[in-house]
1. Considering only protein heavy atoms, with the full assembly of protein chains and a 1.4 angstrom probe, order B:Phe58, B:Phe92 by accessible area, largest first.
2. Net charge near A:Glu268, counting Lys/Arg +1 and Asp/Glu -1 over other residues with Cβ under 15 Å of its Cβ?
3. Quick one: length gained pulling B:Leu268 to B:Met79 fully straight, 0.36 nm per residue minus the C-alpha distance?
4. Report the residue, chosen from A:Thr52, A:Thr25, A:Thr36, that carries the largest GNM mean-square fluctuation when chain A is represented by alpha-carbon nodes joined by springs under 10 Å.
5. Using DSSP H assignments, which helices in chain B have an axial alpha-carbon span of 15 Å or above and a mean Kyte-Doolittle hydropathy of -0.5 or higher?
6. Pop the C-beta distance of B:Ala168 and A:Ile187 into the FRET formula with R0 = 45 Å and round what comes out to the nearest 0.05.
7. Between B:Asn141 and A:Arg264, with labels modelled 7 Å along Cα→Cβ, what's the label distance in nm to one decimal, could you check?
8. Mind giving me the nanometre distance, one decimal, between the label points for B:Ala115 and B:Trp185, set 7 Å out from Cα along Cα→Cβ?
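The values are calculated or read from the model by the stated rules, or taken from the named source; none is laboratory data. No experiment lies behind these values; they were computed from the predicted model shown. Virtual Cβ from ideal backbone geometry, glycine too; neighbours counted across all protein chains shown. Just the protein is used for accessible areas: all its heavy atoms, side chains included, with ligands, DNA and RNA removed. Shrake-Rupley method; radii C 1.70, N 1.55, O 1.52, S 1.80 Å.
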Amino acid sequence: MGAPALAPAANAGADDLALRLDGVTVTFDTDHGLLTALQDISLSVRSGEFLTMLGPSGCGKSTLLRTVADLLPVSGGTVSVIGRPASEARRARQISFVFQDATLMPWLSVIDNIRLPLEVGRGNGAIIEAPVPAEELLAMVGLKGRERALPHELSGGMRQRVAIARALICHPKILLMDEPFGALDEIKRDQLNVELLRIWQETGTTILFVTHSIPEAVFLGQRVLMLAANPGRVREVVDIDLPYPRDLALRDQPEFIERAAHLRQVLETC
Amino acid sequence: MAVVDQQEAAADTTAARREKVKQRKAKTWRDRWPPLAAVVGILVLWELIVVGFEVPTFIAPGPGEVVATMVERWPMLMMNLWPTALESLAGFALGNTIAVLIAVGFVHSRLAERAFYPIAVFINTIPIIAIAPILVLIFGNGFTPKIIIAALICFFPTLVNVTRGLKAVNPATLELMHVLSASRWEVLMRVRLPSSLPFLFAALKIASTTCVIGAIVGEWIGSNVGLGALIIEATYNFRSPLLYATVILAASLAVVLFTIVTLLERRLIRWKVDAAAV
Ligand SMILES: Nc1ncnc2c1ncn2[C@@H]1O[C@H](COP(=O)(O)OP(=O)(O)O)[C@@H](O)[C@H]1O
Ligand SMILES: [Mg+2]
C-alpha cells in the first residue's frame, strides 16, 4: 500500500511531540458572564499518535480542537503544535480540520474540493509545498472515478471521504477531527473507522479524534482522553493497548469489551 | 448463454431508454396542452364577445384587430421598443450591480449595514410613481431618469436577497477557510459569492420584469419615444388596438428578459441548494 508521497518523515523519532498543551484555559464572554469552557488542560501528544477524546456533551471537546487549530484564542497557558505557536503551524499547513459537516463547496467537483487548500491562503502567509497528488488521495479514500462528481451527487459517507482527502493534501502533521462520522449510520461509520485506521497507518499523521461513541473511541485510539464538564478538565487518560491493525471483529473480544466498560464507568462520573 | 443474456439486457436497456424518451415527450405534451387550450379558448371568447355585443373598438378591440394593428404598425412599434428595452437593461444592470456591491459592504461592516439599511428601506417605501416626476425634473427628458427609475425598482429586492445569501454560509465552512489561512477576499470570492448565487438569481428574476415597469413609468412623464410614451398617446387618442399591441409588446419584453435570466441561472447553478450545508 506504500504511497511514497505519503510516507511519514523518516526522522520522526518516538519522542517528537506533535502537540503540547500547558495549563490551557479558555473562557467565553457570554450574556450570563464568563464561562470557563476549558480549565488548566495539560497534555502531550506524540508525533504519529492516534488520540481519541470522549466526554459528555458541552465538556469542551470542540473547544479544545478549535484552540489547537488557532480558531480560538487561549485565555491562559500555551499551545504548541510541532514546537511552534498554533498560528504558525496553521500557516505552514501542518494543521488540518475535519468537521462533522463535510463543509464541501457544493459548486466544486470532488477533485476541485480536494484541491481547495492549494488555492487559498498564500496572501495570508500560508506555505504550500509539494502537495500529495489529488488522484492519489482519491484512490486512498476509495473515490476513484468520481472526481468530476458534485457533492450533492454523493452520499454522506462519500462526502466525508472527500473532506478527509482534502484535509490530507498538504501532508498535515496533525489532523483534528470533530465527530466526523457523527451524522452517519452505524454501518458507514464502522466502514469509515476501518478506513481511517488504514489511512492513519499509511500517512503516519497525528490524529485527534472527538467522538460521542465509546466503541469508536476504543476501536480507533491508542489513548482515550476523557474530559469532565463544568469546567472542562481532564478526567482521565486511558491507554488502549490493543495491537494494530485492528478489525471490526475486535469489538466482540473480551479485552475490547473490558476497556469499553471501564470507559463507561469513568464517563458516568464526568 | 451468459453472453446472450447480456446482449438481451443491453437491447432491453436501449429499448427502455427509447421508451422513456417517448414517455417524456408525451408527458411534456400532457403538461402543455391545458394552458395552450385555455389561451386559445380565451382569445376565441374575447373575439366572440366583442363581435356579439358590438363593443365599440375604442373601448375594447378584438384580438383580430390587435394583431392586424401590430402587423401594420410593426416598424413604428419597434422604433419605440428599442428605447424602452435599452432603458430597462441599463437600469437592470445599474440597480443590481449597486445592490450587490452594497450587500458585499454590509456583510463586511456591521456599521455600514446599521447606518445605510434604514435608508435603503426608506427609499423602497417611496412609490416609484411619486419619485418619477422628481427624477425627470432633475435629469431632464433623456434616457437618464428612466434608467434611474428602472434601477431603483430593481435595487431593493436584490440588496435584501444578496445580503441574506452572502450571510447564509455554514459557520464550519468559514472555520475551514480560517484554518486554510484564507483572506477575506478569498472567503468572499470562493465561498460567499458562489453560495449567494441562488439568492441573487431569485432577485434577478423579480428585477427582470420590474425593470420594464420602471422604464415605462419613466416614459409616462415627459417623453415622446418608448412604449410608455406610446401607451399614453394611444390612450389619449382612443387608439385602443394600438394600446393593446403596445401592452403586449411590453409584456413580451419582460418575458424575454425573464427567460434569459432563467436560462443563465440554469447554466450557472448546477448544484442543489439544500446540499450547501453539507
Ligand atoms: N463561541 C462560544 N461562545 C460562548 N460559549 C461557547 C462557545 N463555544 C462553546 N461554548 C460553550 O463552551 C462549552 C463547551 O462547548 P463545546 O466545546 O462545543 O463542547 P463539546 O464539543 O464537548 O460538546 C459549552 O458550555 C458551550 O456552550
Ligand atoms: Mg462538539
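1. Working: B:Phe58 110, B:Phe92 40 Å².
These residues rank, largest area first, as B:Phe58, B:Phe92.
2. +1
3. That works out to 64.7 nm of additional length.
4. Checking each option, the largest mean-square fluctuation is seen for A:Thr36.
5. B:2-52, B:74-108, B:110-125, B:128-139, B:143-167, B:193-220, B:240-268
6. Details: r = 32 Å, r/R0 = 0.72.
Result of the calculation: an efficiency of 0.90.
7. Here the answer is 9.0 nm between the modelled labels.
8. In this crude spin-label approximation the distance works out to 2.3 nm.
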